[in-house]
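Peer 1: Here it is, the structure, as structure tokens.
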Amino acid sequence: MKALLRRFGLTGKRRPKKPDTAKVLLIFAHTGDVIRAESLLKSSAKPVRAVGPPAQFRKGCDLALEIPAVEQPEILEILRVAKIHPVDVITTGGAELKPTELFQIRHFGNYLMVRAANMKITVDKDSGIIVNVSGGGCPDVPYLAKILIGKPVDTAPDPMVAGRTLCGYTLGLAFREAKRLCSQ
């Protein structure tokens, strides 16, 4: 009898609960709202990650924020108080609702290229020197390239701070990921 109960998981022993891993996407109409919301939530010590929304949920902005579902009420209240309003809140469940990863990482011999959205940064793996910045089409990209190329990735200025556009923001994401990868 015990074997039969064990087979069907009816041993009387309770399995430990898995932590709730459900995620929610916050969709915004404007890139500036995503950047402000992410900054506010991170400064409030809330778990948040910038992602690309599934194509069917893009509302004029190629970025969304992914948050844990259990944090949704508190996070939405923080945003409401700051007058930052997502246009949609989507619970991710099925594969068709998975957010797209922002980062694409490529190794080209001695070089590491990290792409976030449409911005790319390339670093020499041996020296840690930034050798190229490309992508975008925003007015601050030439300035960002000028202040980054030739500098060590661990001491170069953060493009997310120096830039003022979506390109600067996504280059900042790529920069931070390249910096993290180079420090390993």
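Peer 1: Using the Karplus curve 6.51 cos²θ - 1.76 cosθ + 1.60 with θ = phi - 60°, work out ³J(HN,Hα) for each residue of the range 78-83 in order, rounded to whole Hz, and write x for Gly and Pro.
Peer 2: Once rounded to whole Hz, the list reads 4, 5, 4, 4, 7, 6.
Peer 1: Here is a follow-up. Listed highest first by mean packing, meaning other Cβ atoms within 10 Å per residue, what order do 147-158, 129-140, 170-181 come in?
Peer 2: 170-181, 129-140, 147-158
Peer 1: Using 28 Å as the Cα-Cα cut-off, could you pick out the over-long pairs in K46/K83; K42/K120; K23/K146; K23/K151; K23/K125?
Peer 2: Over 28 Å Cα-Cα: K23/K146; K23/K151; K23/K125.
Peer 1: Search the structure for amide H atoms under 5 Å from the amide H of K151, placed 1.01 Å from N in the peptide plane, and list their residues when 5 or more places away or on another chain.
Peer 2: I130
Peer 1: If you don't mind, there's one more thing I want to ask. Put a dot 7 Å past each Cα toward the Cβ at Q72 and Y143; how far apart are the dots in nm?
Peer 2: 3.9
Peer 1: One-quarter of the Cα convex hull surface for the range 103-183, in nm²?
Peer 2: Average of the hull's projected areas for the range 103-183 equals 4.3 nm².
Peer 1: Can you tell me which of 80-92, 26-38 comes out highest on packing, and rank the rest after it, using the mean Cβ neighbours within 10 Å?
Peer 2: 26-38, 80-92
Peer 1: Turning to a different aspect of this structure: What residues have an amide H closer than 5 Å to that of D88, excluding those fewer than 5 places away on the same chain, when H is modeled at 1.01 Å from N in the peptide plane?
Peer 2: Excluding prolines and chain starts, which carry no amide H, the hits are I27.
Each value in this text was obtained by applying a stated rule to the coordinates, not by laboratory testing. As the structure is a prediction and not an experimental result, all values here were calculated from the model. Don't worry about glycine lacking a Cβ; one is built from the backbone with ideal geometry, like all the others, and counts go over all protein chains shown.
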